[in-house]
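Here's the structure we're looking at; comments come further down.
The values are calculated or read from the model by the stated rules, or taken from the named source; none is laboratory data. The structure displayed is predicted, hence computed values, not measured ones. Don't worry about glycine lacking a Cβ; one is built from the backbone with ideal geometry, like all the others, and counts go over all protein chains shown.
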Amino acid sequence: MLRFDRVSFSYRTETATISDVSFEIGEGEFVALLGENGAGKSTLLRLCNGLLRPTSGRVSVRGYDTATTKTSAIARFTGFLFQNPDRQICQNTVYGEIMFGLEYILPDESERRRRTDETLALFSLDGLGDPFGLSRGERQQIALAAILARKPVLLLLDEPTTGLDYRECMTVMEIVSNLNAEGTTVFMISHDMEVVADFARRVLVLSGGRLIGDGPVRRIMKDPGVLREASLLPAQIPALAMTLGDSFANIFTIDEMADTVGQRALARQTSVGKTS
Amino acid sequence: MNGFLSYVNGSSPLHKLHPLTKMVMSFALCASCFLSGNHVLILCVIGLNLCLFASAGGIARAVSTLLSFVKFSAVLFVLQLFFIKDGTPIFTLPLGITLTYEGVMFSLLFVLRFLASTMPLALMLSVTPVGDISNVLVRNLRVPYRYAFVITTAARFIPLFSEEMSGIMEAQTARGVEFDTRNFIKKIRLLIPLCVPLLISSVRRIENSAISAELRGFNLRTRLSGYKRYSFGANDATILIACAALVAVSASGIWP
(Lines give C-alpha, C1' and ligand atoms only; values in the text may rest on other atoms or scores of the structure.)
Protein backbone atom coordinates (compact mmCIF):
# COMPACT_ATOMS: atom_id res chain seq x y z
CA MET A 1 0.00 0.00 0.00
CA LEU A 2 2.66 2.50 1.10
CA ARG A 3 6.36 2.09 0.54
CA PHE A 4 9.29 4.29 1.56
CA ASP A 5 12.53 3.34 -0.11
CA ARG A 6 15.61 5.08 1.36
CA VAL A 7 13.74 8.38 1.55
CA SER A 8 15.44 11.58 2.64
CA PHE A 9 13.91 15.02 2.72
CA SER A 10 15.10 18.46 3.67
CA TYR A 11 13.46 21.86 3.57
CA ARG A 12 15.36 24.47 1.55
CA THR A 13 17.13 26.15 4.42
CA GLU A 14 17.46 23.31 6.88
CA THR A 15 19.50 20.15 7.33
CA ALA A 16 17.85 16.80 6.54
CA THR A 17 14.46 16.52 8.24
CA ILE A 18 13.98 12.92 7.14
CA SER A 19 17.07 10.82 6.69
CA ASP A 20 17.29 7.53 4.81
CA VAL A 21 13.94 6.13 5.93
CA SER A 22 12.67 2.82 4.56
CA PHE A 23 9.54 0.89 5.50
CA GLU A 24 6.47 -0.66 3.97
CA ILE A 25 2.87 -0.64 5.15
CA GLY A 26 0.59 -3.36 3.88
CA GLU A 27 -3.13 -3.25 3.16
CA GLY A 28 -5.35 -3.18 6.25
CA GLU A 29 -2.58 -2.34 8.71
CA PHE A 30 -3.05 0.13 11.58
CA VAL A 31 0.29 1.82 12.10
CA ALA A 32 1.17 4.58 14.57
CA LEU A 33 4.07 6.95 14.03
CA LEU A 34 5.72 8.09 17.23
CA GLY A 35 8.50 10.51 18.07
CA GLU A 36 9.31 13.64 20.01
CA ASN A 37 8.38 17.12 18.73
CA GLY A 38 10.54 18.04 15.73
CA ALA A 39 11.40 14.41 14.95
CA GLY A 40 9.94 14.81 11.46
CA LYS A 41 6.63 12.98 11.90
CA SER A 42 4.40 15.52 10.14
CA THR A 43 6.96 15.87 7.35
CA LEU A 44 7.01 12.11 6.88
CA LEU A 45 3.21 11.99 6.75
CA ARG A 46 3.17 14.78 4.12
CA LEU A 47 5.58 12.72 2.04
CA CYS A 48 3.04 9.89 1.98
CA ASN A 49 0.55 11.62 -0.35
CA GLY A 50 2.85 13.90 -2.31
CA LEU A 51 2.25 17.12 -0.36
CA LEU A 52 6.04 17.00 -0.06
CA ARG A 53 8.34 15.28 -2.55
CA PRO A 54 11.40 13.38 -1.32
CA THR A 55 14.81 14.96 -1.84
CA SER A 56 16.15 11.48 -2.51
CA GLY A 57 14.68 7.98 -2.48
CA ARG A 58 11.21 6.94 -3.55
CA VAL A 59 7.76 7.04 -1.96
CA SER A 60 5.04 5.01 -3.60
CA VAL A 61 1.36 4.71 -2.69
CA ARG A 62 -0.48 1.83 -4.31
CA GLY A 63 2.35 1.72 -6.82
CA TYR A 64 2.11 5.43 -7.74
CA ASP A 65 5.36 7.33 -7.34
CA THR A 66 4.54 10.49 -5.36
CA ALA A 67 7.34 12.38 -7.13
CA THR A 68 5.65 12.01 -10.50
CA THR A 69 1.96 11.79 -9.58
CA LYS A 70 -0.18 14.82 -8.79
CA THR A 71 -1.19 15.13 -5.14
CA SER A 72 -4.81 15.65 -6.18
CA ALA A 73 -4.65 12.34 -8.08
CA ILE A 74 -3.24 10.50 -5.05
CA ALA A 75 -5.96 12.16 -2.95
CA ARG A 76 -8.54 10.14 -4.89
CA PHE A 77 -7.69 7.11 -2.79
CA THR A 78 -6.07 8.63 0.28
CA GLY A 79 -7.53 10.73 3.08
CA PHE A 80 -5.45 13.13 5.15
CA LEU A 81 -6.72 14.55 8.45
CA PHE A 82 -4.76 17.59 9.61
CA GLN A 83 -4.23 18.65 13.21
CA ASN A 84 -6.17 21.83 12.61
CA PRO A 85 -9.67 21.13 11.21
CA ASP A 86 -10.17 24.83 10.41
CA ARG A 87 -7.74 24.56 7.50
CA GLN A 88 -10.02 22.05 5.87
CA ILE A 89 -13.52 23.32 6.58
CA CYS A 90 -14.60 25.84 3.94
CA GLN A 91 -18.37 25.49 3.61
CA ASN A 92 -21.13 27.13 5.62
CA THR A 93 -23.00 23.93 6.44
CA VAL A 94 -21.88 20.49 7.56
CA TYR A 95 -23.77 19.02 4.59
CA GLY A 96 -21.96 21.33 2.16
CA GLU A 97 -18.62 20.51 3.71
CA ILE A 98 -19.04 16.77 3.18
CA MET A 99 -20.41 17.30 -0.35
CA PHE A 100 -17.46 19.59 -1.24
CA GLY A 101 -14.86 16.83 -0.93
CA LEU A 102 -17.02 14.41 -2.92
CA GLU A 103 -17.28 16.75 -5.91
CA TYR A 104 -13.78 15.79 -6.96
CA ILE A 105 -14.36 12.06 -7.01
CA LEU A 106 -18.06 11.50 -7.70
CA PRO A 107 -19.52 13.11 -10.84
CA ASP A 108 -23.02 11.82 -10.08
CA GLU A 109 -24.84 14.25 -7.76
CA SER A 110 -27.39 11.73 -6.48
CA GLU A 111 -24.55 9.42 -5.48
CA ARG A 112 -22.85 12.34 -3.73
CA ARG A 113 -26.04 13.12 -1.82
CA ARG A 114 -26.52 9.47 -0.86
CA ARG A 115 -22.91 9.24 0.37
CA THR A 116 -23.29 12.50 2.33
CA ASP A 117 -26.50 11.34 4.04
CA GLU A 118 -24.82 8.03 4.91
CA THR A 119 -21.85 9.87 6.46
CA LEU A 120 -24.03 12.29 8.40
CA ALA A 121 -25.89 9.31 9.88
CA LEU A 122 -22.64 7.48 10.72
CA PHE A 123 -21.29 10.48 12.62
CA SER A 124 -24.71 11.58 13.97
CA LEU A 125 -24.16 15.06 12.53
CA ASP A 126 -26.72 17.76 11.80
CA GLY A 127 -26.30 18.55 8.12
CA LEU A 128 -27.70 22.07 8.45
CA GLY A 129 -25.38 23.01 11.32
CA ASP A 130 -22.76 25.75 10.93
CA PRO A 131 -19.38 24.03 11.23
CA PHE A 132 -17.61 27.19 12.40
CA GLY A 133 -19.94 27.55 15.38
CA LEU A 134 -19.11 24.11 16.79
CA SER A 135 -16.51 23.01 19.35
CA ARG A 136 -13.03 22.00 18.21
CA GLY A 137 -13.82 18.33 18.80
CA GLU A 138 -16.97 18.57 16.70
CA ARG A 139 -15.09 20.41 13.93
CA GLN A 140 -12.46 17.66 13.99
CA GLN A 141 -15.24 15.10 13.58
CA ILE A 142 -16.68 17.03 10.61
CA ALA A 143 -13.24 17.17 9.00
CA LEU A 144 -12.87 13.43 9.53
CA ALA A 145 -16.41 12.79 8.25
CA ALA A 146 -15.67 14.77 5.08
CA ILE A 147 -12.59 12.62 4.48
CA LEU A 148 -14.23 9.30 5.29
CA ALA A 149 -17.19 10.07 3.01
CA ARG A 150 -14.71 9.70 0.15
CA LYS A 151 -13.96 6.13 1.30
CA PRO A 152 -10.16 6.35 1.11
CA VAL A 153 -8.16 3.13 1.12
CA LEU A 154 -5.30 4.79 2.99
CA LEU A 155 -6.08 7.11 5.89
CA LEU A 156 -3.31 9.45 7.04
CA LEU A 157 -4.03 11.05 10.41
CA ASP A 158 -1.87 13.82 11.87
CA GLU A 159 -2.62 13.77 15.61
CA PRO A 160 -6.38 13.26 15.17
CA THR A 161 -7.13 13.38 18.90
CA THR A 162 -5.23 16.54 19.85
CA GLY A 163 -7.50 18.92 21.77
CA LEU A 164 -10.33 16.40 22.09
CA ASP A 165 -11.80 15.31 25.40
CA TYR A 166 -11.91 11.60 26.28
CA ARG A 167 -15.40 11.03 24.88
CA GLU A 168 -14.66 12.84 21.61
CA CYS A 169 -11.32 11.05 21.34
CA MET A 170 -12.96 7.64 21.74
CA THR A 171 -15.71 8.50 19.22
CA VAL A 172 -13.13 9.50 16.61
CA MET A 173 -10.85 6.53 17.28
CA GLU A 174 -13.67 4.00 17.27
CA ILE A 175 -14.81 5.22 13.85
CA VAL A 176 -11.24 4.95 12.58
CA SER A 177 -10.87 1.52 14.17
CA ASN A 178 -14.10 0.27 12.56
CA LEU A 179 -12.90 1.50 9.18
CA ASN A 180 -9.63 -0.29 9.69
CA ALA A 181 -11.54 -3.46 10.55
CA GLU A 182 -13.32 -3.09 7.18
CA GLY A 183 -9.97 -2.97 5.38
CA THR A 184 -8.86 0.70 5.34
CA THR A 185 -5.15 1.12 5.99
CA VAL A 186 -4.47 3.63 8.77
CA PHE A 187 -1.21 5.52 9.33
CA MET A 188 -1.49 7.82 12.31
CA ILE A 189 0.72 10.25 14.20
CA SER A 190 -0.11 10.45 17.88
CA HIS A 191 1.44 11.67 21.10
CA ASP A 192 -1.20 9.84 23.11
CA MET A 193 0.41 6.54 24.04
CA GLU A 194 -2.85 5.21 25.48
CA VAL A 195 -4.55 5.71 22.12
CA VAL A 196 -1.61 4.06 20.36
CA ALA A 197 -1.64 1.11 22.78
CA ASP A 198 -5.40 0.67 22.43
CA PHE A 199 -5.77 0.99 18.66
CA ALA A 200 -2.52 0.57 16.71
CA ARG A 201 -1.03 -2.81 15.95
CA ARG A 202 2.34 -1.66 14.63
CA VAL A 203 4.51 1.28 15.60
CA LEU A 204 7.19 3.25 13.76
CA VAL A 205 9.43 5.43 15.91
CA LEU A 206 11.18 8.46 14.49
CA SER A 207 13.98 10.38 16.17
CA GLY A 208 15.93 13.20 14.56
CA GLY A 209 14.51 12.24 11.17
CA ARG A 210 15.75 8.64 11.43
CA LEU A 211 13.62 5.54 11.86
CA ILE A 212 14.81 3.98 15.11
CA GLY A 213 12.05 1.49 15.74
CA ASP A 214 9.59 -0.54 13.69
CA GLY A 215 7.57 -3.41 15.07
CA PRO A 216 4.45 -4.62 16.84
CA VAL A 217 3.10 -2.12 19.34
CA ARG A 218 3.56 -4.65 22.18
CA ARG A 219 7.28 -4.96 21.48
CA ILE A 220 8.08 -1.28 20.88
CA MET A 221 6.12 -0.12 23.94
CA LYS A 222 8.36 -2.33 26.07
CA ASP A 223 11.66 -1.47 24.43
CA PRO A 224 13.28 0.93 26.91
CA GLY A 225 16.15 1.76 24.51
CA VAL A 226 13.87 2.95 21.71
CA LEU A 227 11.52 4.75 24.10
CA ARG A 228 14.41 6.58 25.76
CA GLU A 229 15.99 7.61 22.46
CA ALA A 230 12.69 9.00 21.22
CA SER A 231 11.87 10.64 24.60
CA LEU A 232 8.68 8.62 24.91
CA LEU A 233 6.89 7.23 27.92
CA PRO A 234 5.02 3.94 27.45
CA ALA A 235 1.29 3.66 28.12
CA GLN A 236 0.37 3.09 31.76
CA ILE A 237 -0.32 -0.66 31.69
CA PRO A 238 2.87 -1.64 29.77
CA ALA A 239 4.82 0.73 32.08
CA LEU A 240 3.34 -0.96 35.14
CA ALA A 241 4.02 -4.39 33.65
CA MET A 242 7.68 -3.45 33.06
CA THR A 243 7.96 -2.23 36.65
CA LEU A 244 6.49 -5.47 38.01
CA GLY A 245 9.16 -7.56 36.31
CA ASP A 246 9.56 -10.42 33.86
CA SER A 247 6.55 -12.43 35.02
CA PHE A 248 4.32 -9.59 33.79
CA ALA A 249 6.27 -9.14 30.55
CA ASN A 250 3.44 -10.23 28.23
CA ILE A 251 0.80 -8.00 29.77
CA PHE A 252 -0.31 -5.06 27.67
CA THR A 253 -3.97 -4.27 28.25
CA ILE A 254 -6.13 -3.56 31.28
CA ASP A 255 -7.99 -6.84 30.76
CA GLU A 256 -4.75 -8.83 30.63
CA MET A 257 -3.51 -7.10 33.79
CA ALA A 258 -6.82 -7.71 35.58
CA ASP A 259 -6.80 -11.41 34.59
CA THR A 260 -3.20 -11.95 35.69
CA VAL A 261 -3.59 -10.08 38.96
CA GLY A 262 -6.87 -11.93 39.61
CA GLN A 263 -5.29 -15.33 38.90
CA ARG A 264 -2.33 -14.55 41.14
CA ALA A 265 -4.56 -13.36 43.97
CA LEU A 266 -6.63 -16.52 43.64
CA ALA A 267 -3.51 -18.72 43.60
CA ARG A 268 -2.13 -16.91 46.64
CA GLN A 269 -5.47 -17.28 48.47
CA THR A 270 -5.54 -20.98 47.66
CA SER A 271 -1.95 -21.53 48.82
CA VAL A 272 -2.60 -19.54 52.03
CA GLY A 273 -5.74 -21.65 52.61
CA LYS A 274 -3.76 -24.88 52.11
CA THR A 275 -1.00 -23.84 54.54
CA SER A 276 -3.41 -22.74 57.23
CA MET B 1 9.56 28.93 7.06
CA ASN B 2 10.03 32.47 5.83
CA GLY B 3 7.30 34.38 4.03
CA PHE B 4 8.38 37.04 1.60
CA LEU B 5 7.50 39.85 4.04
CA SER B 6 9.11 38.35 7.13
CA TYR B 7 12.33 39.41 8.85
CA VAL B 8 15.51 37.47 8.03
CA ASN B 9 18.14 37.54 10.73
CA GLY B 10 21.52 38.88 9.63
CA SER B 11 24.38 41.25 10.31
CA SER B 12 24.83 42.87 6.91
CA PRO B 13 25.46 46.64 6.62
CA LEU B 14 21.82 46.95 5.58
CA HIS B 15 20.67 45.21 8.75
CA LYS B 16 22.78 47.63 10.81
CA LEU B 17 21.28 50.80 9.35
CA HIS B 18 18.98 52.96 11.44
CA PRO B 19 15.40 51.66 10.97
CA LEU B 20 14.30 55.14 9.88
CA THR B 21 16.96 55.14 7.14
CA LYS B 22 15.61 51.82 5.90
CA MET B 23 12.08 53.17 5.89
CA VAL B 24 13.15 56.29 3.99
CA MET B 25 15.14 54.15 1.54
CA SER B 26 12.11 51.93 0.94
CA PHE B 27 9.89 54.96 0.39
CA ALA B 28 12.45 56.61 -1.93
CA LEU B 29 12.78 53.48 -4.08
CA CYS B 30 8.98 53.29 -4.41
CA ALA B 31 8.58 57.00 -5.07
CA SER B 32 11.25 57.03 -7.78
CA CYS B 33 9.26 54.46 -9.79
CA PHE B 34 6.17 56.66 -9.78
CA LEU B 35 7.99 59.94 -10.32
CA SER B 36 9.71 58.68 -13.44
CA GLY B 37 8.06 57.41 -16.59
CA ASN B 38 11.30 55.97 -17.92
CA HIS B 39 11.35 52.20 -18.40
CA VAL B 40 15.15 51.98 -18.15
CA LEU B 41 15.25 53.92 -14.90
CA ILE B 42 12.60 51.64 -13.37
CA LEU B 43 14.52 48.59 -14.56
CA CYS B 44 17.58 50.08 -12.84
CA VAL B 45 15.55 50.47 -9.63
CA ILE B 46 14.56 46.78 -9.86
CA GLY B 47 18.25 45.92 -10.35
CA LEU B 48 19.17 48.12 -7.37
CA ASN B 49 16.57 46.33 -5.25
CA LEU B 50 18.07 42.97 -6.20
CA CYS B 51 21.58 44.22 -5.38
CA LEU B 52 20.40 45.43 -1.97
CA PHE B 53 18.71 42.06 -1.33
CA ALA B 54 21.97 40.34 -2.33
CA SER B 55 23.98 42.51 0.07
CA ALA B 56 21.58 41.49 2.86
CA GLY B 57 21.97 37.80 1.97
CA GLY B 58 18.46 37.37 0.58
CA ILE B 59 18.97 37.17 -3.17
CA ALA B 60 17.38 33.71 -3.52
CA ARG B 61 14.24 34.90 -1.78
CA ALA B 62 14.19 38.13 -3.80
CA VAL B 63 14.49 36.28 -7.11
CA SER B 64 11.80 33.75 -6.22
CA THR B 65 9.48 36.58 -5.07
CA LEU B 66 10.21 38.53 -8.23
CA LEU B 67 9.52 35.49 -10.42
CA SER B 68 6.19 34.86 -8.72
CA PHE B 69 5.24 38.52 -9.27
CA VAL B 70 6.38 38.30 -12.89
CA LYS B 71 3.71 35.65 -13.55
CA PHE B 72 1.03 37.90 -12.07
CA SER B 73 2.48 40.90 -13.94
CA ALA B 74 2.21 39.02 -17.21
CA VAL B 75 -1.55 38.67 -16.66
CA LEU B 76 -1.79 42.38 -15.75
CA PHE B 77 0.21 43.28 -18.84
CA VAL B 78 -2.10 41.37 -21.16
CA LEU B 79 -5.25 42.77 -19.53
CA GLN B 80 -3.87 46.30 -19.68
CA LEU B 81 -3.06 45.89 -23.38
CA PHE B 82 -6.70 45.30 -24.25
CA PHE B 83 -7.93 48.40 -22.42
CA ILE B 84 -5.70 50.94 -24.17
CA LYS B 85 -6.96 51.56 -27.67
CA ASP B 86 -5.47 55.02 -28.36
CA GLY B 87 -2.20 55.44 -30.20
CA THR B 88 -0.36 54.00 -33.16
CA PRO B 89 -1.75 50.56 -34.09
CA ILE B 90 0.91 47.85 -34.36
CA PHE B 91 -1.19 44.74 -34.50
CA THR B 92 -4.85 43.82 -34.98
CA LEU B 93 -6.24 40.68 -33.42
CA PRO B 94 -9.52 38.92 -34.31
CA LEU B 95 -12.74 40.51 -32.90
CA GLY B 96 -11.32 43.93 -33.76
CA ILE B 97 -8.90 44.12 -30.85
CA THR B 98 -6.06 46.50 -31.72
CA LEU B 99 -2.74 46.65 -29.92
CA THR B 100 -1.11 50.06 -30.00
CA TYR B 101 2.49 51.14 -29.45
CA GLU B 102 1.41 53.48 -26.64
CA GLY B 103 -0.65 50.67 -25.10
CA VAL B 104 2.32 48.31 -25.07
CA MET B 105 4.65 50.95 -23.60
CA PHE B 106 2.15 52.00 -20.94
CA SER B 107 1.37 48.38 -19.99
CA LEU B 108 5.09 47.70 -19.72
CA LEU B 109 5.55 50.78 -17.54
CA PHE B 110 2.61 49.70 -15.41
CA VAL B 111 4.00 46.23 -14.67
CA LEU B 112 7.56 47.52 -14.19
CA ARG B 113 6.25 50.02 -11.64
CA PHE B 114 4.29 47.25 -9.96
CA LEU B 115 7.37 45.02 -9.73
CA ALA B 116 9.72 47.80 -8.65
CA SER B 117 7.40 49.21 -6.02
CA THR B 118 6.61 45.90 -4.28
CA MET B 119 10.26 45.00 -3.69
CA PRO B 120 11.37 47.87 -1.40
CA LEU B 121 8.73 47.03 1.23
CA ALA B 122 9.82 43.37 1.20
CA LEU B 123 13.45 44.52 1.43
CA MET B 124 12.76 46.81 4.37
CA LEU B 125 10.78 44.17 6.27
CA SER B 126 13.40 41.50 5.59
CA VAL B 127 16.18 43.57 7.22
CA THR B 128 14.20 45.33 9.97
CA PRO B 129 12.51 43.60 12.90
CA VAL B 130 8.89 44.70 13.29
CA GLY B 131 9.62 45.89 16.84
CA ASP B 132 12.24 48.31 15.51
CA ILE B 133 9.77 49.75 13.00
CA SER B 134 7.27 50.28 15.80
CA ASN B 135 9.91 51.96 18.04
CA VAL B 136 10.98 54.31 15.26
CA LEU B 137 7.43 55.23 14.35
CA VAL B 138 6.73 56.19 17.95
CA ARG B 139 10.07 57.72 18.92
CA ASN B 140 11.19 59.48 15.73
CA LEU B 141 8.01 60.05 13.77
CA ARG B 142 5.84 60.75 16.82
CA VAL B 143 3.14 58.37 15.69
CA PRO B 144 0.84 57.51 18.65
CA TYR B 145 1.80 54.06 19.96
CA ARG B 146 -1.69 52.70 19.37
CA TYR B 147 -1.41 53.42 15.62
CA ALA B 148 2.19 52.23 15.41
CA PHE B 149 1.06 49.00 17.04
CA VAL B 150 -1.70 48.58 14.46
CA ILE B 151 0.75 49.13 11.57
CA THR B 152 3.38 46.76 12.91
CA THR B 153 0.82 44.13 13.86
CA ALA B 154 -0.55 44.24 10.32
CA ALA B 155 2.98 43.76 8.96
CA ARG B 156 3.53 40.87 11.37
CA PHE B 157 0.29 39.19 10.33
CA ILE B 158 0.95 39.22 6.57
CA PRO B 159 3.45 36.31 6.62
CA LEU B 160 1.24 34.47 9.10
CA PHE B 161 -1.75 34.77 6.77
CA SER B 162 0.34 33.67 3.85
CA GLU B 163 1.47 30.62 5.82
CA GLU B 164 -2.12 29.95 6.86
CA MET B 165 -3.24 30.15 3.21
CA SER B 166 -0.52 27.66 2.24
CA GLY B 167 -1.74 25.35 5.00
CA ILE B 168 -5.35 25.67 3.81
CA MET B 169 -4.35 24.98 0.21
CA GLU B 170 -2.35 21.97 1.37
CA ALA B 171 -5.38 20.65 3.30
CA GLN B 172 -7.64 21.13 0.28
CA THR B 173 -5.13 19.51 -2.10
CA ALA B 174 -5.01 16.52 0.23
CA ARG B 175 -8.78 16.10 -0.20
CA GLY B 176 -8.58 16.22 -3.97
CA VAL B 177 -8.91 19.91 -4.89
CA GLU B 178 -6.70 20.38 -7.92
CA PHE B 179 -4.44 23.23 -6.82
CA ASP B 180 -1.64 21.45 -8.64
CA THR B 181 -3.33 22.29 -11.96
CA ARG B 182 -1.48 24.49 -14.45
CA ASN B 183 -4.71 26.22 -15.46
CA PHE B 184 -4.49 29.67 -13.86
CA ILE B 185 -8.22 30.48 -14.22
CA LYS B 186 -9.21 27.15 -12.68
CA LYS B 187 -6.80 27.78 -9.82
CA ILE B 188 -8.34 31.19 -9.11
CA ARG B 189 -11.84 29.64 -9.18
CA LEU B 190 -10.74 26.97 -6.71
CA LEU B 191 -9.24 29.61 -4.42
CA ILE B 192 -12.53 31.45 -3.88
CA PRO B 193 -14.10 29.00 -1.37
CA LEU B 194 -10.85 29.06 0.61
CA CYS B 195 -11.40 32.69 1.57
CA VAL B 196 -13.89 31.38 4.16
CA PRO B 197 -11.42 29.33 6.25
CA LEU B 198 -8.76 32.03 5.84
CA LEU B 199 -11.14 34.69 7.09
CA ILE B 200 -12.33 32.54 9.99
CA SER B 201 -8.81 31.61 11.12
CA SER B 202 -7.59 35.20 10.67
CA VAL B 203 -10.41 36.65 12.75
CA ARG B 204 -9.81 34.00 15.44
CA ARG B 205 -6.09 34.76 15.49
CA ILE B 206 -6.58 38.52 15.62
CA GLU B 207 -9.17 38.20 18.37
CA ASN B 208 -6.75 36.04 20.40
CA SER B 209 -3.99 38.63 19.92
CA ALA B 210 -6.29 41.45 20.98
CA ILE B 211 -7.41 39.57 24.10
CA SER B 212 -3.79 38.70 24.89
CA ALA B 213 -2.69 42.35 24.54
CA GLU B 214 -5.64 43.49 26.65
CA LEU B 215 -4.80 40.98 29.39
CA ARG B 216 -1.22 42.28 29.49
CA GLY B 217 -2.44 45.81 30.13
CA PHE B 218 -2.28 47.28 26.61
CA ASN B 219 -4.78 50.00 27.47
CA LEU B 220 -3.03 50.91 30.71
CA ARG B 221 0.06 52.36 28.98
CA THR B 222 0.32 56.03 29.87
CA ARG B 223 3.91 56.72 28.83
CA LEU B 224 6.41 55.36 26.36
CA SER B 225 8.85 52.70 27.42
CA GLY B 226 11.54 50.94 25.44
CA TYR B 227 15.16 50.08 26.00
CA LYS B 228 16.40 50.14 22.39
CA ARG B 229 18.30 53.17 21.12
CA TYR B 230 19.26 53.67 17.48
CA SER B 231 22.05 55.94 16.28
CA PHE B 232 22.63 57.51 12.87
CA GLY B 233 26.03 56.69 11.34
CA ALA B 234 28.00 57.52 8.22
CA ASN B 235 26.28 54.69 6.31
CA ASP B 236 22.88 56.17 7.15
CA ALA B 237 23.95 59.57 5.88
CA THR B 238 25.32 58.05 2.65
CA ILE B 239 22.13 56.12 2.02
CA LEU B 240 19.92 59.15 2.69
CA ILE B 241 21.98 61.28 0.26
CA ALA B 242 21.78 58.54 -2.38
CA CYS B 243 18.01 58.29 -1.87
CA ALA B 244 17.60 62.04 -2.24
CA ALA B 245 19.65 61.90 -5.45
CA LEU B 246 17.55 59.05 -6.84
CA VAL B 247 14.29 60.85 -6.10
CA ALA B 248 15.68 64.07 -7.58
CA VAL B 249 16.77 62.33 -10.80
CA SER B 250 13.39 60.59 -11.12
CA ALA B 251 11.41 63.76 -10.50
CA SER B 252 13.56 66.08 -12.58
CA GLY B 253 12.88 64.36 -15.87
CA ILE B 254 16.62 64.28 -16.73
CA TRP B 255 15.90 60.74 -17.81
CA PRO B 256 12.52 61.22 -19.52
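Taken over segment B:89-110, the criterion of being under 34 Å from the mean Cα position of the chain (by Cα) and loosely packed, with under 12 Cβ neighbours inside 10 Å is satisfied by B:ILE97 alone. If the condition is being touching a Phe, Trp or Tyr at 6+ places or on another chain (Cβ under 6 Å) and in a loop (DSSP other than H, G, I, E, B), then segment A:231-254 contributes no residue at all.
Just one of the listed residues (B:VAL177, B:VAL203, B:VAL138) is more than 25 Å from A:THR71 (Cβ to Cβ), crowded, with 16+ Cβ neighbours inside 10 Å and either within 14 Å of another protein chain (Cβ to nearest Cβ) or over 19 Å from the mean Cα position of the chain (by Cα) (or both), namely B:VAL138. Of all the criteria given as (1) part of a loop (DSSP other than H, G, I, E, B); (2) within 13 Å of another protein chain (Cβ to nearest Cβ); (3) not polar (S, T, N, Q), the one not satisfied by A:ASP126 is (2). Filtering segment B:61-88 to residues that are among the β-branched types (Val, Ile, Thr) and over 20 Å from the mean Cα position of the chain (by Cα) leaves B:VAL78, B:ILE84, B:THR88.
Of all positions in segment B:14-37, at least one carries a residue that is in contact (Cβ under 8 Å) with a residue 60 or more places away in the chain, hydrophobic (A, V, I, L, M, F, W, C), outside the structural domain of B:ALA154 (by TED's automatic domain parsing) and farther than 27 Å from B:SER134 by Cβ.
Scanning segment A:72-98 for residues being more than 7 Å from chain B (Cβ to nearest Cβ) and assigned to a helix (DSSP H, G or I) gives a total of 8.
The single residue among A:ALA67, A:ALA149 that is within 12 Å of another protein chain (Cβ to nearest Cβ) and modelled with pLDDT of 85 or more turns out to be A:ALA149.
Highlighted here are the helices (runs of 4 or more DSSP H) found entirely within segment A:152-223 that include at least 3 residues which are surrounded by fewer than 23 Cβ atoms within 10 Å (Cβ to Cβ): A:166-181, A:193-199. Which numbered condition in (1) under 18 Å from the mean Cα position of the chain (by Cα); (2) outside any helix (DSSP H, G or I) is the only one that A:PRO107 fails? Evaluating A:PRO107 over (1) under 18 Å from the mean Cα position of the chain (by Cα); (2) outside any helix (DSSP H, G or I) leaves (1) as the failure.
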